[in-house]
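Down below is the structure, laid out as structure tokens.
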Amino acid sequence: MTNAEVAIRPFLARQPVDAVGYYGHDGVHEWVNSLDSDLVISLNLIAVELSGPQSAVVEAEVFFEREGSRTGGMTFSVWRFDGGKLSEAVGYGSKEEALDAERGSWH
């Protein structure tokens, strides 16, 4: 599903000064393994807006539940593809930020 050089940078993980990113197949495994086994993630896809021949802006509600506590909300990300596989997925704080980034260059 992903290219060997895939880059995934979730919005929430990018907030600290030392932004977190997950790179390559090993990075994807690291990201999945970092999730708490007690954590339940639900995703409600709202919209996928094709923004180019190999890219899309994805809008979704994402919620994280653990021990009766629920957090999360709307998420916006730019997904870029190469050869039919995911090459980059970068989260943004708003749809406008995602669209602005998509009009710019790769991150």
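The values are calculated or read from the model by the stated rules, or taken from the named source; none is laboratory data. Computed from a prediction, not measured in an experiment: that's the story for all the values here. Here the Cβ is made from the backbone with ideal geometry for all residues, glycine too, and neighbour counts use every protein chain on show. Calculation scope for accessible area: heavy atoms of the full protein, side chains included, ligands and nucleic acids excluded. Shrake-Rupley method; radii C 1.70, N 1.55, O 1.52, S 1.80 Å.
Observations on the model:
- Cβ-defined net charge surrounding ARG66, 12 Å radius [Lys, Arg +1; Asp, Glu -1]: -3
- Within the accessible area of region 45-107 (1.4 Å probe), percent carbon and sulfur: 52 percent
- Where the Cα pairs of the chain fall when distances are cut into 10 Å bins, in %: 14, 43, 36, 6, 0
- Protection proxy ranking, highest mean first, for peptides 24-30, 69-75, 86-92: 86-92, 24-30, 69-75, where packing is the per-residue count of other beta-carbon atoms within 10 Å, averaged.
- Using C-alpha pairs below 8 Å separated by at least 6 residues, the relative contact order for region 15-107 is 18 percent.
- Whether region 33-85 is rounded, prolate or oblate, judged on the alpha carbon gyration tensor where a/c under 1.5 counts as rounded: oblate
- Extending 7 Å from the Cα toward the beta-carbon at both LEU86 and LEU35 defines two label points whose distance is 1.0 nm.
- Per residue solvent-accessible surface (Å²) - the chain, probe of 1.4 Å: 65 Å²
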